[in-house]
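Below is one structure, written out as structure tokens, with a few remarks after it.
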Amino acid sequence: MSNKRWLILAMLFAITTINYADRATISIAGPEIKKELGLSAVQMGFVFSAFAWSYVLAQLPGGWLLDRFGSKITYFFSIFLWSLFTLFTGAAGFFTGAAAVAALFTLRLLVGAAEAPSFPGNSRIASAWFPSHERGLAAAVFNSAQYFATVLFAPIMGWLVHTLGWHSVFYVMGAIGIAMAFVWLKVIYGPKQHPSINAAELDYIQQGGALVDLEGGARTVAPKQVDTLACIKELLSNRMLVGVYIGQYCITTLTYFFLTWFPVYLVQERHMTILKAGFVASLPAIAGFLGGLTGGWMSDRLTKRGYSLSVSRKVPIVLGMLMSTSMIACNYIDTDALVVAVMSLAFFGKGIGALGWAVVSDTSPKEAGGLSGALFNTFGNTAGITTPIVIGYIVDATGSFAGALLYVGANAALAIACYLLVVGDIRRVTLSKSLRT
């Protein structure tokens with residue numbers, strides 16, 4: 001068997017690593033930007049949140065583009081544009097005062113809008129290439145790239161800020177992303193269009209439930225097949241999906257704490273240098289990466305043993321979120337090493353529980369995979385707007401991160417409640433009201 005699906009997954013992992021590294025550039029550069037521009041905690045919260053405002057607003061248009069033009073070409077333009085805008089962000093340092101803040105905010109808005117199709121695209125490609133019993137691991141692998149991005153790039157970006165200034169981070173990461181956009185074009189194909197796949201692999205993934213016709217060329221689904229607004233309404237009327245969406249909001253709160261305020265927490269609350277914080281931030285990220293792979297492996301293992309999708313997806317999510325609540329204990333710990341250990345446990349748990357994209361691949365209607373993934377990501381990344389701002393106000397009002405850690409831990413507990421009390425059975429949605437004849 002040719003096993004080309006694993007090459008496709010490796011590409012998704014690599015691109016998602018770049019994706020999250022570009023999201024994290026602002027947090028690594030944040031302490032120096034805050035110092036150089038004299039920003040308050042609340043102002044930094046708004047700068048940190050800028051990415052998520054446009055990212056959320058562009059989700060549904062991004063999902064429509066994926067369903068309309070396919071993942072390969074839509075995702076290519078996404079990668080190229082977000083990398084270009086990341087590169088331009090370095091030039092914000094040529095401005096001063098309010099103009100610099102406005103330039104930073106605007107460019108982060110543009111990065112967010114450009115990245116919108118990325119995760120729905122990942123989900124569509126995983127649905128097309130992977131049978132159900134491998135989809136948990138596939139989703140866990142590309143999702144765990146968010147931690148690997150920090151493992152690989154946080155020390156590098158910390159060194160760049162320390163040695164060459166904060167502007168250099170954006171120039172370097174932008175250039176890497178632009179190069180990777182063209183690699184993407186050479187690697188990504190739909191299963192039936194891949195030049196090197198053999199019949200054995202195609203039959204294997206198709207028999208296992210892969211939607212091999214999903215990525216079938218430039219136009220994968222005729223726009224007349226689904227009434228977009230009616231489809232959104234139908235998806236939002238499904239209790240299972242609403243529970244998954246709200247759960248993802250809560251889980252993503254943990255992600256955005258880590259992507260935005262965590263390095264500032266280490267510098268401000270734990271009095272580390274930015275260079276040390278860059279390296280220390282990679283330790284919980286390693287734990288999160290390992291947790292992500294563990295959660296995917298655990299979920300697929302349960303599926304292969306005959307457990308239902310509901311059991312095999314929910315068990316890792318609930319266990320992982322229970323571990324994540326442990327970060328609240330950092331409010332009562334003085335030793336830096338122990339704080340890092342507890343944060344590592346919390347993010348290991350977050351990695352285990354980050355199976356939302358596997359659930360999306362399992363549940364999305366085949367006629368609207370991009371739209372369904374976009375709606376899921378809209379809910380999830382609304383946390384990217386609220387989390388940085390809420391934490392900014394908490395820190396500004398109290399002068400401490402204690403309330404912030406309590407807020408993030410409470411969201412992990414709420415995610416557990418969503419999956420146990422709201423979601424119910426996990427199964428693929430069949431559209432009935434929004435299909436056009």
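The condition of being free of Cβ contacts under 8 Å to residues at least 60 places away in the same chain and either of a type in the set (Asp, Glu) or in a helix (DSSP H, G or I) (or both) holds for only one of Ile416, Ile394, Ile389, Ile385, that being Ile394. Against the condition touching a Cys at 6+ places or on another chain (Cβ under 9 Å), part of a helix (DSSP H, G or I), at pLDDT 90 or above and open to solvent by less than 40 Å² (accessible area, probe 1.4 Å), how does Leu405 come out, does it pass? Against the criterion (touching a Cys at 6+ places or on another chain (Cβ under 9 Å), part of a helix (DSSP H, G or I), at pLDDT 90 or above and open to solvent by less than 40 Å² (accessible area, probe 1.4 Å)), Leu405 qualifies.
Filter the stretch 35-50 down to residues that are touching a helix residue (DSSP H, G or I) at 6+ places or on another chain (Cβ under 9 Å) and surrounded by fewer than 17 Cβ atoms within 10 Å (Cβ to Cβ) and give me whichever is farthest from Ala99 (Cα to Cα). Top of the filtered list is Val42.
Here the stretch 51-79 is the region considered, the condition is being crowded, with 24+ Cβ neighbours inside 10 Å and under 29 Å from Tyr393 (Cα atoms), and the residue that is modelled with the lowest pLDDT is Ala52.
Selection of the stretch 118-165 for residues being open to solvent by 10 Å² or more (accessible area, probe 1.4 Å) and not in a helix (DSSP H, G or I) yields only Gly165.
Among the residues making up the stretch 283-341, those that are of a type in the set (Lys, Arg), within 15 Å of Glu134 (Cβ to Cβ) and part of a helix (DSSP H, G or I) are Arg301, Lys304, Arg313.
Among residues of the stretch 167-212 being aromatic (Phe, Trp, Tyr) and open to solvent by 20 Å² or more (accessible area, probe 1.4 Å), the one that is nearest to Ala10 (Cα to Cα) is Tyr189.
When the residues of the stretch 299-324 are filtered to those that are hydroxyl-bearing (Ser, Thr, Tyr) and under 23 Å from the mean Cα position of the chain (by Cα), the one that is farthest from Arg428 (Cα to Cα) is Ser324. State all residues of the stretch 375-390 that are more than 16 Å from Val111 (Cα to Cα) and among the small types (Gly, Ala, Ser); if no residue qualifies, say none. Once the filter is applied, which keeps residues that are more than 16 Å from Val111 (Cα to Cα) and among the small types (Gly, Ala, Ser), the stretch 375-390 yields Gly380, Ala383. Kindly establish whether Ile352 is more than 13 Å from Val280 (Cβ to Cβ), in contact (Cβ under 8 Å) with a residue 40 or more places away in the chain, under 25 Å from the mean Cα position of the chain (by Cα) and open to solvent by 30 Å² or more (accessible area, probe 1.4 Å). Criteria not met by Ile352. For the stretch 80-108, filtering for residues that are within 30 Å of Cys231 (Cβ to Cβ) and open to solvent by 50 Å² or more (accessible area, probe 1.4 Å) leaves 2. Considering (1) in a helix (DSSP H, G or I); (2) more than 30 Å from Val212 (Cα to Cα); (3) not small (Gly, Ala, Ser), the lone condition that Arg5 does not fulfil carries the number (2).
Number of residues in the stretch 376-397 that are open to solvent by less than 20 Å² (accessible area, probe 1.4 Å) and of a type in the set (Ser, Thr, Tyr): the value is 1.
Residues that are β-branched (Val, Ile, Thr) and more than 12 Å from Phe85 (Cα to Cα) within the stretch 173-183 comprise Ile176, Val183, listed in sequence order.
The condition of being closer than 30 Å to Thr273 by Cα, in a loop (DSSP other than H, G, I, E, B) and in contact (Cβ under 8 Å) with a residue 60 or more places away in the chain holds for Leu39.
Take Gly373 and tell me if it is touching a residue at least 12 places away in the same chain (Cβ under 8 Å) and buried (at least 20 other Cβ atoms within 10 Å of the Cβ). For Gly373, the condition - touching a residue at least 12 places away in the same chain (Cβ under 8 Å) and buried (at least 20 other Cβ atoms within 10 Å of the Cβ) - is met.
The values are calculated or read from the model by the stated rules, or taken from the named source; none is laboratory data. From a predicted model like this one, the values you see are computed outputs, not experimental measurements. Reconstructed Cβ throughout: ideal geometry from the backbone, glycine too, with neighbour counts over all protein chains shown. Surface accessibility is based on the protein's heavy atoms, side chains included, excluding ligands, DNA and RNA. Shrake-Rupley method; radii C 1.70, N 1.55, O 1.52, S 1.80 Å.
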